[in-house]
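Data block below; observations after.
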Amino acid sequence: MKSIIQKHNEHCFICQIPRGRVLEEHHIFFGQANRKLSEKYGLKVPLCYEHHRGTNGVHGKNGRQLDLRLKKIAQRKFEETHTREDFIRIFGKSYL
């Protein structure tokens with residue numbers, strides 16, 4: 001499934017760097033089971049290397065705030081078509 005958060009995958013969701021640079025697909029809820037759920041529900045965004053795996057990226061040592069920000073964005077988008085109870089049942093907790 002494509003992202004329900006960003007229609008076009010032509011730039012980094014955070015810094016808007018164009019696709020000419022390498023972008024990486026980020027599944028917002030990661031870990032074995034949650035990665036599959038992120039894929040199923042379209043909860044993913046393209047990120048440049050720095051915002052994905054760099055020091056301040058979602059998987060970097062200083063990336064916790066960005067990670068939480070994306071989780072909140074994803075949950076809000078999910079709740080446009082589902083309930084909060086659905087989100088908690090599927091992903092285990094609310095980030096809002």
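The values are calculated or read from the model by the stated rules, or taken from the named source; none is laboratory data. For clarity, every value in this text was computed on a predicted model and none was experimentally measured. Neighbour counts run over all protein chains shown; Cβ positions are idealised from the backbone, glycine included. Heavy atoms of the whole protein, side chains included, go into the accessibility calculation; ligands, DNA and RNA do not. Shrake-Rupley method; radii C 1.70, N 1.55, O 1.52, S 1.80 Å.
Key figures for this structure:
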read-out: Label-point gap, in nm, between Q32 and K2 - each point 7 angstrom along Cα→Cβ; value: 3.2
read-out: Read-out percent of Cα pairs over 23 Å apart, derived from the coordinates shown; its label in [x] 20; [y] 37; [z] 31; value: [x]
read-out: FRET efficiency estimate (nearest 0.05) - Cβ-Cβ, K72 to Q16, R0 22 angstrom; value: 0.65
read-out: Pairs from K40/K61; K7/K61; K7/K72 whose Cα-Cα separation, in the structure shown, is over 25 Å; value: K40/K61; K7/K61
read-out: Farthest positive-ward along the chain dipole, Cα basis, beta-carbon charges - from C48, C12, L66; value: L66
read-out: The stretch 31-96 - percent of accessible surface contributed by carbon and sulfur, probe 1.4 Å; value: 47
